[in-house]
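Working notes, structure below.
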Amino acid sequence: MLIQIGAGIVAAGGLFALVVATRPAEFRVARTTTVAAPPAVVFANLNDLHRWRDWSPYEGLDPALKRTYSGAPSGVGARYGWEGNAKAGAGTMTVTEAIPGRRIGIELAFTRPFKATNQAVFTVEPAAGGNVTVTWAIHGNHTFVSKAFTMFVPMDKLVGGEFERGLAKLKTLSESQAAAVAAVPVAAVSRGQ
């Protein structure tokens, strides 16, 4: 009887490993929103990693989060490191591409709770009525362990809601900044006030 139970467990484990191994390695998750602000305003909030504290949904995961900034002040070469509790984990983000008003590419290197390197891309595209469409996407390759994990919690469910929250905060921030600039009288701007 014990031999049959043991053989059943081994067979089930082998079947599970086979199913995990045949799952796609590549993944991509993306969310999009429309923002009533000029591309330059939205781009500035993405391009300067110091500004992410104002809109990133991940900033609130650990009130005692340790942050480090290095490299360029913004744009290509800007680097942001974080280390926090179990929810926040640890890792770095490095801006690898910055096309003004259009696109930001970021390498995400997670060191905790698991090691992974993925690519995040933000695109800013013109939309009707002077608005812009902002897309936040992440793509990468799963390890065997992450393929197994995402059988139970899909990547889209894992990060999709966070991207939606972050884009909503980015939208509010960018629209309020654009409104503040629009409220400044032209005469005051030309006089340097």
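Values in this text are rule-based calculations from the coordinates and carry no lab data. Computed from a prediction, not measured in an experiment: that's the story for all the values here. Every residue, glycine as well, gets a Cβ built from its backbone with ideal geometry; the counts of neighbours run over all protein chains shown.
Scaled against the 2.2 N^0.38 Å expected of a compact globular protein of N residues, the Cα radius of gyration of the stretch 65-146 reads 1.26. The residues THR94, THR111, when put in order of fewest to most other Cβ atoms within 10 Å, stand as THR111, THR94.
With neighbour counts taken as other beta-carbon atoms within 10 Å, the residues TRP82, TRP136 rank, fewest first, as TRP82, TRP136. The share of Cα pairs per 5 Å bin across the stretch 23-182, counted from zero up to the longest distance, runs 2, 9, 16, 22, 21, 15, 9, 4, 1, 0, 0 percent.
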